[in-house]
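Asks: Below you will find the structure I want to go over with you.
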Amino acid sequence: MCKVNKKLIAEPVKSYLCSHTATELNLLIKKKVSRTDNILKKALDGKQVTEEEGLIIYNEAPLEDLAFVADRLRRRLHPSNEAGWMIDRNVNITNVCFSQCSFCNFCRKKDSEDAYLTSPEEYRQKIKELFTLGGDQLLLQGGMDPGLGLGYYTDLFRRLKGEFPQLKLHALGPPEVVYLSKKEKLPFNIVLRKLVEAGLDSLPGAGAEILSDRVRKILSPGKATVEQWLGVMTEAHKLNLPTSATMMAGHIETREERIRHLVHLREVQEKRPRGNYGFIAFIPWPFQDKGTALATKSGVVNNINGMEYVRLIAVSRIMLDNIMNIQASILTVGRDIAMLSLNAGANDIGSIMIEENVVSAAGSSFRFDAREMQSVISEAGFVPRRRNQKYETV
């Protein structure tokens, strides 16, 4: 019996959440089998879908078929019928950044009146609040301030870990590592080693946006290239540093570029040493356009609606056969679409995010407490499971 509370779900998508049996029969007994059916059957048979095939099903397969197949693949990887959530806090080291990406409202120039660098006392207060609310992880990010070198970050990590030994640091990202590598004239692996020695526990998949140099040259020309972003992650995996991967979709990229993004991640994941963490999760979210230069100067606004996001979640689960977890970004898509995503391949809805300043600066307004996160998961038909950054049960 379907457990989904359909009263919370928009009318056009009520039908497919509880129609898995009918969809399965359709896939098996259609007299005229389409090419999307063959590709989806291939995925159900446990065979890897190619880049070309991924684009075909993205463009042509009915959403209910994509959701069904993605849900079946998700349940094979996570047979316990649980869906994850966590408690953490996003603290920004600084809002000064030389990159000045056109989709970002958060960054400031060095001489801006509201430029800041988080102080030791502010860290102390924020961490104590995090512990009080039951969390133990900081997502520690910020702009790429040309005045801050590797020594600043290693000193900061050591100071935080020295005062709060139980604290977990999920910090920086490939663009920062590339920047520090250039600044210090050190290879990626040495920069990463020094950060790990100072207390880095895991590396976020920040700054991926779309892994297309065509897109990156337009949106964020000062940031890491595709090769550099992937290179940092490859070295992180060799060090057995847990990582995540992300995608910001819905601006100037094509569906072909989204699929290529997924293939890039899958290929890097295949290279990780046997037994190492690699990419633990993939998290796509829609471009938040409010007040950004990309929207105000170029007229580019988010073009991913709720159903397109669910389609992206499903295609991601089908394509990323070697990445265990797909997270729906409840922070950017809200309750109803997060619930749909859990029935279309996702197995996690992210964090209550005690503090978040970057995507919220561009219009994201969805916030949830621990009770609400568990309610979303339960009403979607799953058992809430609180977890840490390694997706281990807390």
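Asks: To the nearest 20 Debye, how big is the dipole of region 235-394 about its Cα centre, given +1 on the beta carbon of each Lys and Arg and -1 on that of each Asp and Glu?
Replies: In debye, rounded to 20, region 235-394 gives about 320.
Asks: Provide the per-residue ³J(HN,Hα) series for region 164-178, in order, calculated from phi with Karplus coefficients 6.51, -1.76, 1.60 and θ = phi - 60°, each as a whole number of Hz, with x at glycine and proline positions.
Replies: Along region 164-178, the couplings run 10, x, 7, 5, 9, 10, 9, 9, 6, x, x, x, 5, 5, 4 Hz.
Asks: Kindly flag which residue pairs out of K109/K182; K110/K185; K42/K182; K217/K238; K194/K217 have an alpha-carbon separation exceeding 32 Å in this structure.
Replies: Going by Cα-Cα distance, K42/K182 fall outside the 32 Å limit.
Asks: Quick one: pull the percent of accessible area on the chain belonging to carbon and sulfur, 1.4 Å probe, ligands and nucleic acids left out.
Replies: So the carbon and sulfur contribution to the accessible surface is 51 percent.
Asks: Okay, next question. Positive end of the charge dipole of the chain (Lys, Arg +1 and Asp, Glu -1 on Cβ, about the Cα centre): tell me which of V301, G350, F106 has its Cα farthest that way.
Replies: G350
Asks: Which one of A245, V177, I218 has its Cα pushed farthest toward the positive end of the charge dipole of the chain, where Lys and Arg give +1 and Asp and Glu give -1 at the Cβ?
Replies: A245
Asks: Starting at the first residue of region 66-82, write each ³J(HN,Hα) from the Karplus equation 6.51 cos²θ - 1.76 cosθ + 1.60 with θ = phi - 60°, in whole Hz, x for Gly and Pro.
Replies: So the J values, rounded to whole Hz, are 4, 5, 4, 5, 4, 5, 5, 5, 4, 5, 5, 6, 9, x, 7, 6, 9.
Asks: OK, next. Among DSSP beta bridges lying fully in the chain, give the percent that are antiparallel, nearest 5.
Replies: For the chain, the DSSP antiparallel bridge percentage is about 5.
Asks: With an 8 Å cut-off on Cα pairs and a minimum separation of 6 or more residues, tell me the relative contact order of region 81-165 in percent.
Replies: Computed over region 81-165, the figure is 42 percent.
Asks: Using the Kirkwood radius over C-alpha pairs as Rh, can you work out the diffusion coefficient of the chain via Stokes-Einstein at 25 °C, viscosity 0.890 mPa s, in µm² per second?
Replies: Roughly 114 µm²/s, to the nearest whole number.
Asks: Pick from A61, A344, A380 the residue whose mean-square fluctuation is largest in a GNM of the chain, springs joining Cα atoms under 10 Å.
Replies: Of the options given, A61 has the highest mean-square fluctuation.
Asks: Only Cα pairs under 8 Å and at least 6 apart count here; give the relative contact order of the chain as a rounded whole percent.
Replies: 23
Asks: Still on this model: In the calculated pair distance distribution of region 218-293, what percentage of Cα-Cα distances lie above 19 Å?
Replies: The share of Cα pairs beyond 19 Å in region 218-293 comes to 42 percent.
Asks: Let me ask you something else. Given +1 on the Cβ of Lys and Arg, -1 on the Cβ of Asp and Glu, and no further charges, what dipole in debye does region 130-230 carry about its Cα centre, rounded to the nearest 20?
Replies: Here the size comes out at about 260 debye.
Asks: What residues qualify as long-range amide H neighbours of A249, i.e. H under 5 Å apart, gap of 5 or more or another chain, H built at 1.01 Å from N?
Replies: Result for A249 returns W285, F287.
Asks: For a test of the definition: using alpha carbon positions, the gyration tensor, and the 1.5 limit on a/c, classify region 266-394 as rounded, prolate or oblate.
Replies: oblate
Asks: Would you be so kind as to identify which of Q137, V263, I283 lies farthest towards the positive end of the dipole of the chain, taking Lys and Arg as +1 and Asp and Glu as -1 on Cβ and the Cα centre as origin?
Replies: V263
Asks: Name the residues whose placed amide hydrogens come within less than 5 Å of the amide hydrogen of Q137, ignoring near sequence neighbours (fewer than 5 apart) on the same chain.
Replies: R89, K168
The values are calculated or read from the model by the stated rules, or taken from the named source; none is laboratory data. Every value quoted in this text rests on a predicted model; they were computed, and no experiment measured them. We place every Cβ from the backbone using ideal geometry, glycine too, and count neighbours over all the protein chains shown. The accessibility values were calculated without ligands, DNA or RNA, using every heavy atom of the protein model including side chains. Shrake-Rupley method; radii C 1.70, N 1.55, O 1.52, S 1.80 Å.
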